[in-house]
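Novice: Can you read through this structure? Questions will come right after.
The values are calculated or read from the model by the stated rules, or taken from the named source; none is laboratory data. These numbers come from a predicted model, not from an experiment. Glycine also receives a Cβ, built like all others from the backbone with ideal geometry; neighbour counts cover every protein chain displayed.
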Amino acid sequence: MKHTPETVVLVNCGCNEIQTIARGVRAEHIYSMVMPYTVSVERVLEENPQAVIFCADEPAADRIARFDSVNVPKLISCDAAEIVQFCKEKANCTGSWRMEKFIDEAVEDIRKQVGSETVVLGLSGGVDSSVVAALIHRAIGDQLTCVFVNHGLLRKNEPEMVQEVFQRNFKMNLVYVDASERFLTKLEGVDEPEKKRKIIGKEFIDVFAETAKKINAPFLGQGTIYPDILESIPLDGNPASVIKSHHNVGGLPEDLHFKLVEPVERLFKNEVREVGRLLGLPSEMLDRHPFPGPSLGVRHVGAIKRDTLAMLREADAIVTEELLRSGWYAKTWQTFAIFVPVKTVGMKDGKRTYDHVVAIRSINSVDAVTAEVVQLPWELLFKMADRIVREVDGVNRVVYDITQKPPGTIEWE
Ligand code: XMP
């Protein structure tokens, strides 16, 4: 990334839209970096910027006076359109930043960093870790070993898809750990949401750490992305933290002593997806809805049992299948099924049933902080409900969650 010719530094002087602005500049193929106003002048100069933009409507004079000695075009603005235009017209940026080039440079950087040593990476099947795996693999091939932990709470066909893509297509070293029984046993009888999350998180770290110890690699590949870093930099915090205050290793035992390889730490999510596409990852993997770390564990209300978890997995697969078929998948942020541990009376094939409830939730959001309920067409909802009650044994009723966030959260637990 240091080779990038045209860098625009955005000095955040208290602008709420800073990430949107940074993404907007990048959309013009101009590489932008965000730094808090407390950053040192030397740090800004290190990037050899083509322009410096102070993002605020009216920044306090002392927040910008220090930068007088930086001899490049400067602007005070919080207006995305004005900034897009300024970079091109006043700062003469040509817009030469391309993902193809990013990949070449990242590959070179990874090779330099890792040398002849080895890297271990925890693959979740999500976008970030998948793209990082493909990128590191492009750089160092068999020196990378990926670990995929099946905690028993994955969606239908998820373990198969991850193995298909990485083991069979990319021919990566992939250690597949089926720890389902271990997780499900630990979760038996636990119905409190926070306890469930803690158990899943702790077991995950334990299983990954046990496996990583055996692999004994000095480097850990991580799917840290730019928003993770930006959100961890305090606006008026210690300038030293500007470079790198963030890391995702949280929770891994200290004796593992990993050195980190984080090749997409300066990319936004849409850029990570583009890198993934260029590296040949399938859209099925790159364009998936966000999925919570604790997986189906937080979509199965109450204590998880193997048979009711299987009901949820089937119902969720039906919801996704119908959503894709109808063209609504790409129009929603998240749409999924929830298992509700309530039994109600119904009828099937002329006989009385006394079975469980599945809820469907569909929301749109920009940042997951607030969310609006999506008004899915009734025909689509009827189709989902009809298939769920016919095809999923143990479920005889489907309801639609029409709660906005707030007051509801997106997930039920
Ligand atoms: P809530 O339920 O808090 O969810 O409205 C907001 C967004 O975060 C996702 N989510 C999680 N993601 N680990 C994650 O990686 C978690 O524990 C977790 N809990 C919720 C959720 O799917 C939604 O997109």
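Novice: Inside segment 367-412, can you point out the residues that are within 16 Å of the ligand (Cβ to nearest atom) and among the hydroxyl-bearing types (Ser, Thr, Tyr)?
Specialist: Once the filter is applied, which keeps residues that are within 16 Å of the ligand (Cβ to nearest atom) and among the hydroxyl-bearing types (Ser, Thr, Tyr), segment 367-412 yields THR370, THR403, THR409.
Novice: Quick one: which residue in ALA330, ALA303, ALA317, ALA337 is at negative phi, small (Gly, Ala, Ser), in a helix (DSSP H, G or I) and over 18 Å from the mean Cα position of the chain (by Cα)?
Specialist: Unique residue meeting the criteria: ALA317.
Novice: Going by the structure shown, is LEU312 crowded, with 18+ Cβ neighbours inside 10 Å, of a type outside the set (Gly, Ala, Ser) and away from the ligand (no atom under 16 Å from the Cβ)?
Specialist: Considered against the rule, which asks whether it is crowded, with 18+ Cβ neighbours inside 10 Å, of a type outside the set (Gly, Ala, Ser) and away from the ligand (no atom under 16 Å from the Cβ), LEU312 comes out as no.
Novice: Separate question: Hey, can you tell me all the residues within segment 93-122 that are surrounded by fewer than 19 Cβ atoms within 10 Å (Cβ to Cβ) and in contact with a Pro (Cβ under 8 Å, 6 or more places away or on another chain)?
Specialist: The answer is SER96, ASP109, GLU117, THR118.
Novice: Would you confirm whether any residue within segment 19-26 is touching a residue at least 12 places away in the same chain (Cβ under 8 Å), within 27 Å of LEU278 (Cβ to Cβ) and in a loop (DSSP other than H, G, I, E, B)?
Specialist: The answer is no, given that none of the residues of segment 19-26 is touching a residue at least 12 places away in the same chain (Cβ under 8 Å), within 27 Å of LEU278 (Cβ to Cβ) and in a loop (DSSP other than H, G, I, E, B).
Novice: Let me ask another. List every residue pair whose Cβ atoms lie under 9 Å apart, where the two residues are 6 or more positions apart in sequence or sit on different chains, the first residue falls within segment 284-299 and is farther than 14 Å from PHE336 by Cα and not assigned by TED's automatic domain parsing to the domain that holds TYR329, and the second residue, located anywhere, is within 7 Å of the ligand (Cβ to nearest atom) and assigned to a loop (DSSP other than H, G, I, E, B).
Specialist: PRO294/GLU411
Novice: Tell me, which helices (runs of 4 or more DSSP H) wholly within segment 177-235 include 1 or more residues that are in the same structural domain as GLU271 (by TED's automatic domain parsing) and free of Cβ contacts under 8 Å to residues at least 24 places away in the same chain?
Specialist: 180-187, 193-215
Novice: Could you figure out which of (1) of a type in the set (Gly, Ala, Ser); (2) modelled with pLDDT under 95; (3) farther than 26 Å from ASP191 by Cα isn't true of GLY293?
Specialist: In the conditions (1) of a type in the set (Gly, Ala, Ser); (2) modelled with pLDDT under 95; (3) farther than 26 Å from ASP191 by Cα, GLY293 misses (3) alone.
Novice: Only one of GLY250, GLY280 is at pLDDT below 95 and either assigned by TED's automatic domain parsing to the domain that holds GLU108 or farther than 21 Å from GLN143 by Cβ (or both); which?
Specialist: Among GLY250, GLY280, only GLY250 is at pLDDT below 95 and either assigned by TED's automatic domain parsing to the domain that holds GLU108 or farther than 21 Å from GLN143 by Cβ (or both).
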